[in-house]
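Bear in mind these aren't lab numbers, they're just calculated from the coordinates by the rules spelled out. Fair warning: this is a prediction, and the values are worked out from it, not measured in the lab. In this analysis, Cβ positions are derived from the backbone assuming ideal geometry, glycine residues included, and neighbour counts consider all displayed protein chains.
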Amino acid sequence: MEEECRVLSIQSHVVRGYVGNRAATFPLQVLGFEVDAVNSVQFSNHTGYTRDKSFLAMVVDIVQELKQQNPRLVYVCDPVMGDQRNGEGAMYVPDDLLPVYREKVVPVADIITPNQFEAELLTGRKIHSQEEALEVMDMLHAMGPDTVVITSSDLLSPRGSDYLMALGSQRTRAPDGSVVTQRIRMEMHKVDAVFVGTGDLFAAMLLAWTHKHPNNLKVACEKTVSAMHHVLQRTIKCAKAKSGEGVKPSPAQLELRMVQSKRDIESPEIVVQATVL
């Protein structure tokens, strides 16, 4: 009998749209996981992210207690703090959350999925090149997590300005005790639209695929990013059909087409290949 795999998902919840737990639960269930969802906050629609220090401290306590009960537990942290807009980084959570993430949350995480701006915040180091990104990921490894994926960056992709670059690094321990590091780069074609819930969807699928391919970050990321590609392409196609010729789709029309993408989530055709660095 196949071993049951359970996920405790602690995220925000919205009644409408696929954000937070609504974005994470469905793909995890499709990929064979039992999901227990705890809503950190609940909104009628997406209004951004709300966090406070006491809530983050509670999450750390829960993770530490669960790891004592089950040392095999994997904690995935998406350190939602801010993003780059028009070349300028901006936090959309209170500044006093940064030291909590840096000193308490990240050290207990096994996998973290920051964007470039969040990786820079956590390490205090700016990223201007791929080499500097790799150094920043090493700094994040030193803080605790064995798997680090910078989900998006402003770095120029080798394929040109129409592509978005993501970078990943995973440390595994060989039977002799030595540490092996695998590094990858992915280039995804940019989509001219703003979606919500993509970070939550990415983190959920990365958890699932790293569980299924524990020592192969390349394959896990290829399946995660390819599934993301299919979901976003279907979403933008449906949104444009609803908005009409020459009319920019509304945020409501850009709601992620999750249910319609079930087969792509479950068994994604690989359309984004990772480069091993």
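Residues of the range 145-177 with backbone nitrogen within less than 18 Å of a virtual label 7 Å along the Cα-to-Cβ line of residue 270, please, listed as ranges. Counting backbone N atoms under 18 Å from the label point, the list is 166-170. For the chain, list the DSSP H helices whose alpha carbon atoms reach 18 Å or more along the long axis and whose average Kyte-Doolittle value is 0.5 or above? The qualifying helices are 198-212. Put in line by how crowded their Cβ is, counting other Cβ atoms within 10 Å and starting with the fewest, 104, 212 read 212, 104. Compute the relative contact order of the chain as a whole-number percentage, counting only Cα pairs closer than 8 Å that sit 6 or more residues apart in sequence. Computed value for the chain: 17 percent relative contact order.
Here the Karplus curve 6.51 cos²θ - 1.76 cosθ + 1.60, taken at θ = phi - 60°, turns the phi angles of the range 246-261 into couplings of x, 10, 5, x, 7, x, 5, 6, 8, 4, 4, 8, 6, 4, 5, 9 Hz, with x standing for Gly and Pro. Take every pair of alpha-carbon atoms less than 8 Å apart whose residues are at least six positions apart; their mean separation over the length of the range 103-248 yields a relative contact order of 15 percent. Among the chymotrypsin sites (Phe, Trp or Tyr not before Pro) found in the range 66-167, those both in a DSSP coil and sparsely packed, with 13 or fewer other Cβ atoms within 10 Å of their Cβ, are 92.
Based on the Cβ-Cβ distance from residue 84 to residue 176, what FRET efficiency comes out when R0 is 45 Å, to the nearest 0.05? Let's see the in-between values first.
Details: r = 41 Å, r/R0 = 0.92.
That gives a FRET efficiency of 0.65.
Distances between placed amide hydrogens fall under 5 Å for residue 35 paired with 7, all partners being 5 or more residues away or on another chain.
Treating the beta-carbon of each Lys and Arg as +1 and of each Asp and Glu as -1, no other charges, what is the dipole magnitude of the chain about its Cα centre, to the nearest 20 debye?
Working: 29 positive and 34 negative charges, 138 e Å.
Roughly 660 debye, rounded to the nearest 20.
Here is the link list: 190/218; 212/237; 190/237; 223/248; 218/242. Which ones come out longer than 25 Å on Cα distance? Before the final figure, lay out each step's value.
Details: 190/218 20 Å; 212/237 30 Å; 190/237 14 Å; 223/248 30 Å; 218/242 36 Å.
Violating the 25 Å limit, Cα to Cα: 212/237; 223/248; 218/242.
At most 13 other Cβ atoms within 10 Å and a DSSP loop assignment: could you name the GluC sites (Glu not before Pro) in the range 208-277 that fit?
Numbers: sites: 222, 245, 255, 266, 269; in loops: 245, 255, 269.
Hits after loop and neighbour filter: 245, 269.
Under a model in which nothing but the beta-carbon of Lys, Arg (+1) and Asp, Glu (-1) is charged, the range 51-150 shows a dipole of about 220 debye around its Cα centre. Relative to the Cα centre, the charge distribution of the range 202-277, modelled as +1 at Lys and Arg Cβ and -1 at Asp and Glu Cβ, gives a dipole magnitude of about 140 debye.
Along the range 186-192 the Karplus relation, 6.51 cos²θ - 1.76 cosθ + 1.60 evaluated at θ = phi - 60°, assigns HN-Hα couplings of 10, 10, 10, 5, 5, 10, 7 Hz to successive residues, with x for each Gly and Pro.
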